[in-house]
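K.L.:
Questions regarding the structure given below will be posed in turn.
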Amino acid sequence: MTRRYVLALIKHETNTFSPIATPLASFGHGNGPAFGAAARARFENTNTPLAAYIDIARREGAEIVTPVAAESWPSNKASRATFESLMQPLEDAVRAGCDAVFLDLHGAMVIDDCDDVEGEIARRLRRIAPRMPIAVTLDYHTNLGRDLVDNATVITGYKTYPHVDMYDAGMLAASILVRALDDEIEPVIAYGWKPLLASIMRHAPEDGPSGAIVDYARQQERLGNVLAATLLPSFPHADTPYTGVSAIVVADARRGGRAQARAVCDRMLAIAWERRAEYMFSAPPLAESVARAKALGAANPGAPVLLIDHCDNCGSGGAQDVMAVVAEVLRQQLDDVAIAPIRDPAAVATMIDAGAGQTVKLALGGHTDMPSIGLAGAPLTVEGRVQAITDGEFVITGPMYTGVRTFLGRTAVLDTGRAQIVVTERPHEPFDVGVFTHAGIDPTKKRYLMLKSRIHYRAGFKPIAAHIVECAGAGVTNADLSVYPYRKLTRPIFPLDPM
């Protein structure tokens, strides 16, 4: 008999200190959520877990139901009403009957009255179908709660940052669940958590302890000791009781899996705790970083020097309009710079009204106050020529979110003479060169690129960079975790408390 699979995507990384609201329309990266066939069409043949679920369902000859696909850029909490709008079609699909559920979730979603949305999703589906097999794929930046562990059959997560293995993580989760449906294995989960607030700037496997932990996890999977082993270094900008470093391991209960999963999980977390000091990050003063970048570029390296504005990254909930790093770049008179992106719908409208080739003077960016960290918006006065105007749409060709059509909103390029500034209506983290090329800028030909990103820029831009300089500006993605007024964290927690 043909199986019926329900495949769904509900993802939001919630920065509880962000000033950016999360209405229903913000899902679909500003186009609204997709339902039914439109949900499938938006993500099939892409580097995402949902695409992997679709592929494995087709391979199995299963009937495919895609009730909802909804992903928003990180921002503050969504409302209960918004969440219910996403949850209802998923629940309806499960009530209609199915053989398995495959969920593409984030792991750090918070709404007005719930600090563990993924746990609620799994708990509610389990209430509808108590014996339903449920596979879940999580983002690397997950704050894992007990409810998800208790109600899922299989949980996997990304092992890379930038997240270039999203499809692989989804395929692993789906493959394990299908084997369980075929009665080949009996999945069992081990879970652990440490009171460790790890700076995202130290999460990448190439940068710190995560590399050793991920290598160990992959080794245990290759040896067949476990089915899946996942490190979840947390999302420290979500103030919840679950925020902290965790690990989740899936093994086969029929082959001694409980003990193996527990041992692997404990070892992964032991490495994280033993090396916890390496998860801390400190940055030099902004002026010093920009001066260093200027010197590197002046040496004419033959490829761009990257200046990374990591404190105002929309990919972690930033407003993407803090002008501190841009102002310092212009003050120090770096030449031949491309900057992307600055989110300023009013500036875009002004440039469009003026038209390409016209000179405009703008109070650019700085329109967003950030009361959670006591930061007021401060626009930067700039003048230049409108170089290009676009619709802001392109298909991602780099290794992260490959094949996904993305939307910057209306976009305009301001050429100040020294700098070309890509200004957008919508937020977008620059992890793909398309943020420049779609507007007629060849990033490989620039001496400097200033990117509002943290780590994901490495997916598309590290291969073309001569040097990388991290620049500590300001904003709600500040790597200095002491600036945030946490109230819900489980305390004590390192490094905020003596431990």
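The values are calculated or read from the model by the stated rules, or taken from the named source; none is laboratory data. Keep in mind that this is a model prediction, so the values were computed, not measured. Quick reminder, even Gly has a Cβ in these numbers, built from the backbone with ideal geometry, and neighbours come from all protein chains shown.
K.L.:
Can you pull out the residues in region 56-94 that are surrounded by 19 or more Cβ atoms within 10 Å (Cβ to Cβ) and hydroxyl-bearing (S, T, Y)?
P.N.:
Residues satisfying the conditions are T66, S72, S75, T82.
K.L.:
Something else about it: Testing W193 on (1) closer than 25 Å to L50 by Cβ; (2) touching a residue at least 40 places away in the same chain (Cβ under 8 Å), one condition comes back false. Which one is that?
P.N.:
The failed condition is (1).
K.L.:
A93 passes all but one of (1) out of contact with any Ser or Thr (no Cβ under 6 Å at 6 or more places or on another chain); (2) within 21 Å of W73 (Cα to Cα); which number fails?
P.N.:
Looking at each condition in turn, A93 falls short on (2).
K.L.:
Within region 411-450, take every residue that is out of contact with any helix residue (DSSP H, G or I) (no Cβ under 6 Å at 6 or more places or on another chain) and of a type in the set (S, T, N, Q) and give me the one that is surrounded by the fewest Cβ atoms within 10 Å (Cβ to Cβ).
P.N.:
Only one residue tops the list, namely T437.
Listed here are the residues, each with its yes/no results for (1) buried (at least 24 other Cβ atoms within 10 Å of the Cβ); (2) farther than 22 Å from R3 by Cβ.
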residue	(1), (2)
I134	no, no
L138	yes, yes
L148	yes, yes
N151	no, no
Y158	yes, yes
D165	no, yes
A190	no, yes
W193	no, yes
D207	no, yes
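K.L.:
If you don't mind, another one. Any residue in region 256-268 that is of a type in the set (S, T, N, Q), in contact (Cβ under 8 Å) with a residue 12 or more places away in the chain and in a loop (DSSP other than H, G, I, E, B)?
P.N.:
First, pick out the residues of region 256-268 that are of a type in the set (S, T, N, Q): 260.
Cutting the leftovers down to in contact (Cβ under 8 Å) with a residue 12 or more places away in the chain gives us 260.
This time we only want the ones that are in a loop (DSSP other than H, G, I, E, B), so: none.
No, that holds for no residue.
K.L.:
Taking interchain pairs and intrachain pairs at least six residues apart, which have beta carbon atoms under 6 angstrom, with the first residue in region 161-182 and free of Cβ contacts under 8 Å to residues at least 40 places away in the same chain and the second buried (at least 22 other Cβ atoms within 10 Å of the Cβ)?
P.N.:
D165/Y158; D165/K159
K.L.:
So, in region 1-45, of the ones that are over 20 Å from the mean Cα position of the chain (by Cα) and in a loop (DSSP other than H, G, I, E, B), which residue ends up nearest to V68 (Cα to Cα)?
P.N.:
We begin by selecting, within region 1-45, every residue over 20 Å from the mean Cα position of the chain (by Cα); these are 1-7, 35-38, 40-41.
Filter once more, keeping what is in a loop (DSSP other than H, G, I, E, B): 1-3, 36.
On the way: M1: 25, T2: 22, R3: 19, G36: 6 Å.
Step by step, filter region 1-45, then rank; the result is G36.
K.L.:
Criterion first (within 23 Å of the chain's Cα centre (by Cα), farther than 25 Å from V164 by Cα and surrounded by fewer than 24 Cβ atoms within 10 Å (Cβ to Cβ)) does A472 satisfy it? Let's see the steps before the verdict.
P.N.:
Details: within 23 Å of the chain's Cα centre (by Cα): yes; farther than 25 Å from V164 by Cα: yes; surrounded by fewer than 24 Cβ atoms within 10 Å (Cβ to Cβ): yes.
Yes.
K.L.:
Identify, from the list G297, G315, G302, the residue that is outside any helix (DSSP H, G or I) and not assigned by TED's automatic domain parsing to the domain that holds E118.
P.N.:
Working: G297 fails: outside any helix (DSSP H, G or I); G315 fails: outside any helix (DSSP H, G or I).
Among G297, G315, G302, only G302 is outside any helix (DSSP H, G or I) and not assigned by TED's automatic domain parsing to the domain that holds E118.
K.L.:
Being in contact with a strand residue (DSSP E or B) (Cβ under 8 Å, 6 or more places away or on another chain), in the same structural domain as S234 (by TED's automatic domain parsing), over 24 Å from D252 (Cα atoms) and buried (at least 24 other Cβ atoms within 10 Å of the Cβ) is the requirement here; does A122 meet it?
P.N.:
Here the answer is no, as A122 does not meet what is asked.
K.L.:
Out of the residues in region 489-499 that are out of contact with any Phe, Trp or Tyr (no Cβ under 9 Å at 6 or more places or on another chain) and at pLDDT 95 or above, which is nearest to G315 (Cα to Cα)?
P.N.:
So in region 489-499, the residues out of contact with any Phe, Trp or Tyr (no Cβ under 9 Å at 6 or more places or on another chain) come out as 489, 491-492, 497-499.
Checking the rest, the ones that are also at pLDDT 95 or above come to 489, 491-492, 497.
On the way: L489: 22, R491: 27, P492: 28, D497: 27 Å.
Ranking the candidates gives L489 first.
K.L.:
Kindly list, by first and then second residue, each pair from a residue in region 404-429 that is in a loop (DSSP other than H, G, I, E, B) to a residue that is hydroxyl-bearing (S, T, Y) and buried (at least 24 other Cβ atoms within 10 Å of the Cβ), limited to pairs with Cβ atoms under 8 Å and residues at least 6 apart or on different chains.
P.N.:
Going by the 8 Å Cβ cut-off, the qualifying pairs are V404/T48; L408/T424; G409/T424; R410/T424; E425/T411; E429/S453; E429/Y457.
Conditions (1) out of contact with any Phe, Trp or Tyr (no Cβ under 6 Å at 6 or more places or on another chain); (2) closer than 25 Å to T437 by Cα, marked per residue:
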| residue | (1), (2) |
| --- | --- |
| R292 | yes, no |
| G297 | no, yes |
| A303 | yes, yes |
| H310 | yes, yes |
| S316 | yes, yes |
| Q332 | yes, no |
| V337 | no, yes |
| T359 | yes, yes |
| L362 | yes, yes |
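K.L.:
Would you point out which residue out of L375, L408 is more than 21 Å from the chain's Cα centre (by Cα) and crowded, with 18+ Cβ neighbours inside 10 Å? Please lay out each step first, then the result.
P.N.:
Details: L408 fails: more than 21 Å from the chain's Cα centre (by Cα).
Checking each option against the conditions leaves just L375.
K.L.:
Could you say which residue among G97, G170 is closer than 23 Å to G36 by Cα, surrounded by fewer than 24 Cβ atoms within 10 Å (Cβ to Cβ) and either assigned by TED's automatic domain parsing to the domain that holds N45 or at pLDDT below 95 (or both)? I'd like the intermediate steps shown before the answer.
P.N.:
Working: G170 fails: surrounded by fewer than 24 Cβ atoms within 10 Å (Cβ to Cβ).
Just a single option satisfies the conditions, and that option is G97.
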